[in-house]
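The structure under discussion appears below in the form of structure tokens.
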Amino acid sequence: MCILLISQQTRAQSGSIQVSGTVTGSDTGESLPGVNILIKGTTSGTATDLDGNFTLNVPSSEAVLIFSFIGYSSIERKVGNTTTFTITLSPDQSSLSEVIVVGYGTQERATVTSAISSVSSEQIRQLPVPNVASAIQGRAAGVSVTNSGAPGTNPIVRVRGIGTVGNNDPLYVIDGVPAGGLNEINTADIESVEVLKDASAAAIYGSRAANGVILITTKKGKTGKPKVSVDSYVGTQSAWRKLDLLGREDYLAFGRELLANAGDPAPARFDNLGELANVETDWQGEMFRPATIQDHNIGISGGSESVNYYFSVGYFGQEGIMRGTDFERFSFRSNTEFKVNKRVTVGQTLTVAYSSRNNEPFTSGRTQLEHMVKSVPYIPVRDPSRLGGFRSPDRIDGSDPENPVLNAELLTNRTQEYKILGTAYLNVEILEGLNYKFLVGTDLALGTTNEFSPRFRSGDFHEQPFANIGQSRFTFFSPLISNQLSYSKSIGKHNFDALGVIEQQTFLSTNLGGSGQNFLTNEIRELQGVQNQTINSSKFEYALISYLGRINYNFDQKYLFSASIRRDGGSRFGPNSKWGTFPSISAGWRVSEESFMKNISSISDLKLRASYGETGNDQIGNYVYQATINSNFFYPFGGSLNAGSTISALANPDLRWETTIMKNIGFDLGLFNDRLNVSFEWFDNTTEGMILGVPIPPSLGYDGAPVSNVGTVMNRGIELELGYRKYTGDFQFSIDGNIGFVRNELLSLGTGNTIFGPEFQGDPLTFTEAGRPIAYFFGWQTDGIFQIGDETSQQLNASAGDIRFVDINEDGIIDANDRTFLGHYLPDFTYGLNLSANYKNFDFSLFAQGVHGNQIFNLLRFHTEGMTRLFNASTVVLDRWTPTNTVTDVPRAVNGDPNRNARASSRWIEDGSFMRIKNVSIGYNVPESYLKNISKGSISRVRVYVSAQNLLTFTNYTGFDPEIGARTDLNSTLGQGIDFGQFPAPRTFIGGLQLSF
């Protein structure tokens, strides 16, 4: 902070002294409206106006002025002989005065007794992603985010592990409205993100908080002159890794041996490639492409004593690094607030967005990467002589992979969505400290998905004699009505606030879909006039009514206490268990405020805290407790077949919420005036009443098992966040790091069924049972390769060169009973490290993020190394076992794979640990003095920057990318961490410009 003292003392006629001046912020160089100026020892003072100016009469030259503003360090200045002040306030290094968003309100961080992680708007905007959930990856301890590289797809977010085999997604609350559709929320409009991780913070959201709560707060206007901001960047993306696949000659040699070992002849084409003799197609090069990414935003904000406003428009566009994928979004935001009088305030938040996503083709249950790695290297991509213009193998090639470029360019699968998310609220100060807030909100989404595949014939195995047309339309509408009464009061050193809320939220979703074939033309893409037309529709309704209360108390900001309770009634649950109660309690002790700590100057803050509470999970689907009726039955009666219906599953009127009991112990430590900060958490989350199918005797005659609350899951771990910052001098910097450990275990299935995950080639890839993590990888353990002369009687059909599997149960036979635990997709720990630095007008930031200790089921290697049929393969198979190459871990190549060398086994399990340089950015701020000269004060800030995302990835994983989520058609809990060939993350380079007027 600095002070420039100008002018001489002048005295008013009354004998008092009139002083004036301007207050600016050192971080922005801009004037600060609303700064409080108080004459020390009195209640007299004033505040700066919209331009940061003030005028004040003081009693004498001995008066001391106190300048204070939220987020900045206060300073004191004696009047003396000075009548004109130029004051510069510096940002407050201490985080204690920081106000963070909590459920249904805000709270000073100093008095928080909960486990809450905050992510700022600056951190969110460092990454060029359309979804705020992707932007918080690595920013908060205990929060795992697994991104998909495909544009416009949602990442998988897990807060403190997984508590159920069902839905583990956290609850997102945007400006007070529980809502979804994060791809339609412009990250440039976000002010902050808070992650509520324990019951003390999250239980206020009751039946929806078991998986954590993520609060998203959008930007509001601030008192001051209108400010126009422009934030724009353009960049290019590319694949950061490609696999080594066989070229034409190696493929031909490999194919001959693969077939010969099974006694099969080579394909006819192998002896004479003919017109294809000189073709060498790089299918990865054909599918991967340089792809553009761009984001452009204009915002206008400002306000006065009675009105604050923030408006913005934005455009985001991203091409996928694989052909046939892209995403774009247009958005508009309006946030306003009007102070009608001293007691009444009204306001609104609104976002309107349109998005369009070209989805990755997913044909025949296979990903594009699978098609890519299996494609024959001597087959060209295009062939104008064939219907559609593309080429695929024929029967004489002996292989039938699909042409991925055909899928990308001929097939259409585009989803378009319109979203309106907004609130309107009225706040009335009934009495001093007593406020009533009435809020209505709505989340409305309308969308269509259009699918089209034309008539084509690319090869003997891939032809379609008609155009396939599919259309689906969906709507989602969720209104919220909330009545909130709050009261805050301070009596001496006793401070407390109370909150009571009654609210209701309903949900209505509808879907209408149709499909058919057009045998006449490719030109018409509508359902009118198609043949074999099918139509289906659905409608789901859900309602939730809630009563909740909370009280916070502290004595002298030293002894802290908080308690909340919420009672939810939901229509998803049985008539005997529609209501659930979710309490929480927490306490804290700011040890640093005790008298015996005052002499320890190095400790600026030390707070101990603990919490306990219960939260629920209502994401179980609709109408699950009810009996289901199947009408797809026919029986003979009177000489003809007649339709009939039957109950296929039993009802459970006692079905209730999955409940998670959360315990949390933590401390916050600030050292050296909060230049160094440490935060530690220990947590234990136990989910009781997990909803599972319960086995019943077949003699009862029901097809499906009824569901019941029978399972118990434990997640236990620790989290650590560290930060150091230096905000003085020309060189300023901050370093922040976080790390989170979690251990997951299914304690009991009760009477529920054991759970198999997704299957491949008849083998379940994951298994869930008591005593192990949910959805652990499941299969056979390998034990080397049989050599010539080895005993193979334990494995039917095994020969020299085949894989030996471990006889786990030692019964002398290798069968399904020898399958065992192979690993798990949850990492032992996740971490993030952020470095930000400024030197004069230059700024630099580096962000690294990673996971450690997880495994990946690399099923893509089944296709590149499995050698079960004739497809292209990885260069790894060049080291395959042969009688002259026996020192290898790659089995023999044999068509049909009689020993099932490619079965689900430890052969495909890899270490999924990685550390990624997620973002590197270098920027330059044009000097303010130069801007004033050339723009005459109209431009207040110009910053140019360049940055790189996913610049380096350090990993031992051999696939395209170690960040593996779940395939789109699979349960994201039971199918995560299995690499079927998911879309890899791109490496991105961008250049950007930021302007303020």
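The values are calculated or read from the model by the stated rules, or taken from the named source; none is laboratory data. What you are looking at is a predicted structure, and each value in this text was computed from that prediction instead of being measured. With ideal geometry, Cβ positions are generated from the backbone for all residues, glycine too; neighbour counts draw on all protein chains shown.
Observations, loosely collected:
- Qualifying residues in the stretch 571-596 (those that are among the hydroxyl-bearing types (S, T, Y) and in a loop (DSSP other than H, G, I, E, B)) - the one modelled with the lowest pLDDT: S577
- Count - residues of the stretch 416-435 that are surrounded by fewer than 15 Cβ atoms within 10 Å (Cβ to Cβ), closer than 19 Å to S306 by Cα and either in contact with a Gly (Cβ under 7 Å, 6 or more places away or on another chain) or of a type in the set (S, T, Y) (or both): 0
- Pairs where the first residue, in the stretch 852-871, is more than 24 Å from G263 (Cβ to Cβ) and among the hydroxyl-bearing types (S, T, Y) and the second is part of a loop (DSSP other than H, G, I, E, B) and modelled with pLDDT of 95 or more, C-beta under 6 Å, 6+ apart: T864/A873
- Just one of the listed residues (T55, T43) is loosely packed, with under 14 Cβ neighbours inside 10 Å, out of contact with any Gly (no Cβ under 8 Å at 6 or more places or on another chain), over 30 Å from N841 (Cα atoms) and free of Cβ contacts under 8 Å to residues at least 12 places away in the same chain, namely T43.
- Selection within the stretch 945-997 - of a type in the set (V, I, T), within 15 Å of G850 (Cα to Cα) and crowded, with 23+ Cβ neighbours inside 10 Å: I964
- Matching residues in the stretch 624-677 - criterion: being buried (at least 16 other Cβ atoms within 10 Å of the Cβ) and among the charged types (D, E, K, R): R656, E658, K663, D668, D674, R675
Here's the yes/no breakdown for (1) buried (at least 21 other Cβ atoms within 10 Å of the Cβ); (2) part of a strand (DSSP E or B); (3) free of Cβ contacts under 8 Å to residues at least 60 places away in the same chain:
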position	(1), (2), (3)
N407	yes, no, no
R414	no, yes, yes
K437	no, yes, yes
D443	yes, yes, no
S472	no, yes, yes
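- Inspection of the stretch 439-451 identifies no residue that is small (G, A, S) and more than 31 Å from the chain's Cα centre (by Cα).
- Subset of the stretch 416-435 (residues that are within 31 Å of the chain's Cα centre (by Cα) and either closer than 30 Å to S472 by Cα or not in a strand (DSSP E or B) (or both)): Q416, E417, Y418, K419, I420, L421, G422, T423
- D783 satisfies every condition listed in (1) in contact (Cβ under 8 Å) with a residue 24 or more places away in the chain; (2) in a strand (DSSP E or B); (3) of a type outside the set (V, I, T); (4) surrounded by fewer than 18 Cβ atoms within 10 Å (Cβ to Cβ) except (1).
- Flag for D400 being farther than 30 Å from T475 by Cβ and in contact with a Pro (Cβ under 7 Å, 6 or more places away or on another chain): yes
- For the stretch 586-623, the set of residues classified as of a type in the set (D, E), farther than 22 Å from G693 by Cα and surrounded by 18 or more Cβ atoms within 10 Å (Cβ to Cβ) consists of D605, E614, listed by residue number.
- The listed residue being at pLDDT below 90, over 21 Å from V742 (Cβ atoms) and either in contact with a Leu (Cβ under 6 Å, 6 or more places away or on another chain) or in a loop (DSSP other than H, G, I, E, B) (or both), out of V129, V173: V129
- Within the stretch 861-914, considering residues that are assigned to a helix (DSSP H, G or I) and β-branched (V, I, T), the one surrounded by the most Cβ atoms within 10 Å (Cβ to Cβ): T864
- Residue match in the stretch 647-662 (condition: among the polar types (S, T, N, Q), under 30 Å from L749 (Cβ atoms), at pLDDT 80 or above and touching an Asp or Glu at 6+ places or on another chain (Cβ under 8 Å)): yes
- For the stretch 797-839, a residue qualifies if it is among the hydrophobic types (A, V, I, L, M, F, W, C), touching a residue at least 24 places away in the same chain (Cβ under 8 Å) and within 30 Å of V894 (Cα to Cα), and the qualifying residues are A798, A800, I803, F805, V806, I808, I814, F821, L822.
- Residue that is surrounded by the fewest Cβ atoms within 10 Å (Cβ to Cβ), among those in the stretch 730-758 that are modelled with pLDDT of 90 or more and acidic (D, E): E745
Yes/no per residue for (1) within 23 Å of the chain's Cα centre (by Cα); (2) farther than 30 Å from E688 by Cα; (3) surrounded by fewer than 15 Cβ atoms within 10 Å (Cβ to Cβ):
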site: A239; (1), (2), (3): yes, yes, no
site: D244; (1), (2), (3): no, yes, yes
site: P267; (1), (2), (3): no, yes, no
site: Q284; (1), (2), (3): no, yes, no
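- The C-beta contact set for the stretch 80-92 (first residue closer than 11 Å to F54 by Cα and touching a residue at least 24 places away in the same chain (Cβ under 8 Å), second residue hydroxyl-bearing (S, T, Y) and exposed (fewer than 15 other Cβ atoms within 10 Å of the Cβ), distance under 9 angstrom, 6+ apart or interchain) comprises T84/S7; T84/S20; F85/S20.
- Residue within the stretch 644-660 that is closer than 30 Å to I603 by Cβ and of a type in the set (A, V, I, L, M, F, W, C) present: no
- When restricted to residues that are free of Cβ contacts under 8 Å to residues at least 24 places away in the same chain and either closer than 21 Å to P827 by Cβ or not in a strand (DSSP E or B) (or both), the stretch 729-762 contains 3.
- Within the stretch 299-329, the set of residues being under 30 Å from Q368 (Cβ atoms) and surrounded by fewer than 17 Cβ atoms within 10 Å (Cβ to Cβ) comprises Y315 only.
- Filtering the stretch 190-213 to residues that are part of a loop (DSSP other than H, G, I, E, B), under 18 Å from V119 (Cα atoms) and of a type in the set (G, A, S) leaves only G212.
- Just one residue in the set G212, G263 is within 27 Å of the chain's Cα centre (by Cα), of a type outside the set (D, E) and on the phi > 0 side of the Ramachandran plot; that residue is G212.
- Scanning the stretch 796-810 for residues that are among the hydrophobic types (A, V, I, L, M, F, W, C) and part of a loop (DSSP other than H, G, I, E, B), we see that the one that is surrounded by the fewest Cβ atoms within 10 Å (Cβ to Cβ) is L796.
- Given (1) within 31 Å of the chain's Cα centre (by Cα); (2) assigned to a loop (DSSP other than H, G, I, E, B); (3) polar (S, T, N, Q), number of the condition N278 does not satisfy: (1)
- Residues of the stretch 205-233 satisfying the condition of being under 30 Å from G166 (Cβ atoms), of a type in the set (V, I, T) and in contact with a Leu (Cβ under 6 Å, 6 or more places away or on another chain): V213
- Flag if L508 is at pLDDT 95 or above and over 30 Å from I585 (Cα atoms): yes
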